[in-house]
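*Asks:* Let me begin by handing over the structure; questions about it come next.
The values are calculated or read from the model by the stated rules, or taken from the named source; none is laboratory data. What you see is a predicted model; the values in this text were computed from it and never measured. With ideal geometry, Cβ positions are generated from the backbone for all residues, glycine too; neighbour counts draw on all protein chains shown. These accessible areas exclude ligands, DNA and RNA; they are computed on the full protein's heavy atoms, side chains included. Shrake-Rupley method; radii C 1.70, N 1.55, O 1.52, S 1.80 Å.
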Amino acid sequence: MAEAHQAVAFQFTVTPEGLDFHLSREAVKQLYLAGISSWKKRLVRAKNSFLTGVYPASPSSWMVVVMATAGSFYCQVDPSLGMIARIRHCLPESRLLSYESRTMVSAVIFSTGAWLSAVLLFRQALKLLLSYHGWMFEPHGKMSRSTRIWVALMKVLSIRKPLLYSFQTSLPKLPVPSVEATITRYLESVRPLMDNEKYSKMEALAKEFKEKTAPRLQKYLILKSWWTTNYVSDWWEQYIYLRGRSPLMVNSNYYAMDFLYVTPSHVQAARAGNVVHAILLYRRKLDRGEIPPMMALGIVPMCSYQSERMFNTTRIPGKETDTLLHLVDSKHLAVYHKGRFYKVWLYYGGQLLQPCDLELQFQRILDDPSPPQPGEERLAALTAGERVPWAEARARFFNHGKNKVSLDAIERAAFFLTLDEEEHGYVPGREGCMDAYAKSLLHGQCYDRNLSPQFTLATDKFQLGYTERGHCRGEPNTQLAPPQRLQWDIPQECRDTVESSYRLAKALADDVDFCCFQFSDFGKGLIKKCRTSPDAFIQISLQLAHFRDKGCFCLTYEASMTRLFREGRTETVRSCTAESTAFVRSMGDTRKTRAERQQLFKLAAEKHQHMYRLAMTGAGIDRHLFCLYVVSRYLGIQSPFLAQVLSEPWRLSTSQTPQQQLKMFDLNKYPDHVSTGGGFGPVADDGYGVSYIIAGENLITFHVSSKFSSSETDSKRFGRNIRQAMLDIAELFDKPTEKAG
């Protein structure tokens with residue numbers, strides 16, 4: 001409402017008698033309140049920036065140092081060893097400052113300097129401690145003396161409750177691995193995938209690269225690591241994400257599902273009101289830095305850099321490369337319903353709209369009987385098609401007039417909300433309901449998803465709740481101005497481009513084969529009895545399932561993270577190892593005993609866990625090789641080895657979704673509120689994409705994707721193979737162990 005009044009807060013007309021001024025008292029009031037809210041945000045940000053900058057110290061510790069110094073002087077003890085006297089001598093003499101006053105000012109200056117020096121020392125000590133990763137390689141249930149000392153020091157230095165970015169500048173830089181170590185690990189990873197002849201050729205290429213080309217490339221890469229915060233992240237974002245010209249839909253985007261068994265409210269506008277309000281509460285805490293950073297072991301912070309662009313961020317298309325538009329703040333929401341776009345203000349009088357107010361606004365949109373404007377219904381298909389046509393159409397048809405105003409409202413929104421016409425979710429006994437749910441979230445109808453913003457979802461039930469009839473609690477403000485319908489002027493040529501993008505996106509979406517299923521025979525509770533990590537158990541099960549599905553092994557991608565380092569993003573764990581393939585083959589060898597299979601499984605699990613730890617601590621394979629390739633392109637150097645490495649397809653791409661809800665409520669107390677996780681499309685045309693979430697002790701949800709157009713893949717078949725592989729491996733540990741033959 002405040003923003004709606006801004007345009008009419010001050011008006012004037014020219015009359016024969018002179019100028020006639022008109023002021024809207026309500027508008028002036030709303031502008032005043034909005035200004036107060038804006039200054040409050042700035043003050044909170046400034047305060048939190050200061051607290052983050054001096055962490056692990058605090059303003060109260062500064063007061064302690066000042067009072068201790070002053071108390072020492074009172075006791076005729078000089079802790080400064082003459083420094084205070086020197087500072088006092090440098091202060092200008094004035095009638096306003098007595099000798100005692102100048103002494104006190106000098107003591108405060110000295111104390112502040114000593115305090116700042118201590119802050120710098122503590123932060124350097126913290127950075128040094130965070131560079132230690134030996135704790136990750138400790139045997140399960142054991143801890144060395146050095147790790148115990150490290151844990152104690154970490155607890156001392158991080159005793160004060162941190163803000164989101166308190167550790168950010170103390171995180172170490174991502175190290176550049178040695179070329180020899182990377183190539184050795186690479187050759188080890190491809191050995192089980194190649195016959196002797198192909199492997200010999202790859203060894204020769206690797207040897208030539210290591211001896212002739214790599215030393216020069218490595219020097220440039222080390223130099224880059226010295227003067228940049230992270231030697232991988234900027235190139236990874238630019239060349240892997242922003243320079244991609246293929247459709248984002250299916251190829252890049254992902255989805256996240258709601259609760260599996262519970263729907264807090266079946267009133268669509270109410271659910272949207274609560275969820276949007278919960279997201280905005282999260283955004284406010286994020287903006288203020290009030291959310292603590294993610295921690296490993298409860299004491300090791302992870303990089304929070306990516307949190308900065310979780311909201312108010314849009315990907316702007318370009319002919320050669322896209323760019324990211326990130327705003328400090330956004331006070332409105334973009335909404336799509338039945339082919340129509342709306343702008344919904346999120347604040348009134350400088351205050352965030354309550355859930356009941358948001359429900360009112362969304363219900364107004366749902367009740368709006370007006371049809372889409374010509375060319376409006378499928379307009380968002382431009383963002384689902386290839387990037388170059390979208391960039392050209394944006395520059396030609398959306399750079400002026402009402403089209404530019406409306407597009408700006410979408411691109412500068414806090415995030416984008418779609419009010420669907422169809423309800424999706426888990427329905428017991430209804431076959432394929434989760435598959436349809438996954439497809440709806442991933443691509444919808446190809447024109448009702450804006451694939452440029454990045455946004456997150458938050459749980460609403462335990463924060464806000466609903467009335468008995470499913471509505472948001474409270475009484476809405478009926479004086480709120482209704483949502484603003486965005487206006488368009490879409491010429492026929494632009495509509496033709498929209499239809500072309502839609503046809504391409506529709507063909508891509510129709511080709512996606514999804515199988516989403518719950519595995520409830522057991523969960524991490526039984527897996528831990530096998531004395532292995534749940535992730536290693538599932539990854540080895542996927543190898544067994546893939547071998548049964550296709551009769552061969554393939555290059556396997558498992559997403560890991562490097563957020564123990566500043567601006568760290570992801571790294572690849574190559575899950576198909578010599579150890580895992582040996583175990584898989586033993587499952588089809590009738591000559592192998594249970595004990596031998598158990599031993600092979602143990603070796604495969606240990607190998608996988610070791611590789612995962614290497615990836616997390618900056619000793620991965622693929623990001624290093626990728627950066628060496630980028631340097632070679634800058635220098636105009638051709639490398640047959642790097643060209644071969646980067647052309648190898650990932651026919652099995654996997655990722656585990658973390659169970660974040662465990663931080664918000666007790667899953668044992670509310671077992672029905674498990675999350676179903678999310679998923680993504682297949683990376684290779686003839687491959688599988690597999691996402692999984694380990695929810696509680698007895699549930700694992702899998703999201704399997706592939707393409708109908710491939711004769712080699714079938715998501716439901718692969719899903720059945722996954723389920724059977726999990727059961728077969730678990731059976732190895734169900735019965736007494738036999739002695740190895």
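*Asks:* How much net charge surrounds T657 when only the other residues with a Cβ under 13 Å from the Cβ of T657 are counted, with Lys and Arg +1 and Asp and Glu -1?
*Replies:* That works out to -2.
*Asks:* I need the chymotrypsin sites (Phe, Trp or Tyr not before Pro) found in the range 150-253, filtered to DSSP loop residues with at most 16 other beta carbons within 10 Å of theirs.
*Replies:* Counting only loop positions with at most 16 other Cβ atoms within 10 Å, none of the chymotrypsin sites (Phe, Trp or Tyr not before Pro) in the range 150-253 qualifies.
*Asks:* Pull out the extension gain between D234 and E493, defined as 0.36 nm times the separation in residues minus the alpha carbon to alpha carbon distance; nm, one decimal.
*Replies:* 89.6 nm
*Asks:* If S501, S655 are ordered by their accessible area, calculated over protein heavy atoms with a 1.4 Å probe, which sequence runs from highest to lowest?
*Replies:* Reading off the accessible areas and sorting them downward yields S655, S501.
*Asks:* Further, regarding this structure: Tell me which of N274, T701, A152 sits at the most positive position along the dipole axis of the chain, charges placed on C-beta atoms (Lys, Arg +1; Asp, Glu -1).
*Replies:* Sorting the options by dipole projection puts first A152.
*Asks:* How many percent of the accessible area of the chain is carbon or sulfur, using a 1.4 Å probe?
*Replies:* Ligands and nucleic acids excluded, carbon and sulfur reach 55 percent.
*Asks:* Across 5 Å bins from the origin, how do the percents of Cα pairs in the range 547-604 run, short distances first?
*Replies:* Answer for the range 547-604: a P(r) of 4, 17, 19, 18, 14, 10, 8, 6, 3, 1, 0 percent.
*Asks:* What is the sum of charges, Lys and Arg at +1 and Asp and Glu at -1, for the other residues whose Cβ falls under 15 Å from the Cβ of I222?
*Replies:* +4
*Asks:* Taking each pair of different alpha-carbon atoms in the chain once, compute 1/r for the pair, average those values, and report the inverse of that mean as the Kirkwood hydrodynamic radius in Å to one decimal.
*Replies:* 29.6 Å is the Kirkwood radius here.
*Asks:* Right, here's the next one. Using 7 Å Cα-to-Cβ label points, what is the D510/S61 separation (nm, one decimal)?
*Replies:* My value for the distance between the label points is 6.4 nm.
*Asks:* Might you report the magnitude of the Cβ-based charge dipole of the chain about its Cα centre, with Lys and Arg at +1 and Asp and Glu at -1, to the nearest 20 debye?
*Replies:* In total the dipole reaches around 2560 debye.
*Asks:* Follow-up. Take the alpha-carbon centre of the range 692-721, take the same for the range 143-220, and report the distance between them in whole Å.
*Replies:* 31 Å
*Asks:* Quick one: give the max-minus-min coordinate of the C-alpha atoms of the range 254-512 along each principal axis, largest first, in Å.
*Replies:* 50, 48, 47
*Asks:* With the alpha-carbon atoms as the only input, what is the per residue convex hull volume for the range 264-365 in Å³?
*Replies:* It comes to 161 Å³ per residue, whole-number rounded.
*Asks:* Calculate, for the chain, the solvent-accessible area per residue in square angstrom, rolling a 1.4 angstrom probe over the heavy atoms of the protein chains.
*Replies:* It amounts to 50 Å² per residue over the chain.
*Asks:* On each of the three principal axes of the Cα atoms of the range 270-311, give max minus min coordinate, whole Å, ordered largest first.
*Replies:* Extents along the principal axes, in whole Å: 39, 20, 14.
*Asks:* Give me the extension gain from M194 to C75: residue separation times 0.36 nm, minus the current Cα-Cα distance, reported in nm with one decimal.
*Replies:* 34.9 nm is the gain from fully extending M194 to C75.
*Asks:* Another one. Loop only per DSSP, at most 11 neighbouring Cβ atoms within 10 Å: give me the trypsin sites (Lys or Arg not before Pro) in the range 135-243, ordered by residue number.
*Replies:* For trypsin sites (Lys or Arg not before Pro) across the range 135-243 that sit outside H, G, I, E and B with at most 11 neighbouring Cβ atoms in 10 Å, the list reads K142.
*Asks:* If amide hydrogens are placed 1.01 Å from N in the peptide plane, which non-local residues have theirs closer than 5 Å to the one on Y348?
*Replies:* Sorted by chain and number, the residues that satisfy this are L353.
*Asks:* Right, something else. Using square roots of five times the C-alpha gyration tensor eigenvalues, list the equivalent-ellipsoid semi-axes of the range 206-316 in whole Å, biggest first.
*Replies:* Value: 40, 20, 15 Å, ordered largest first.
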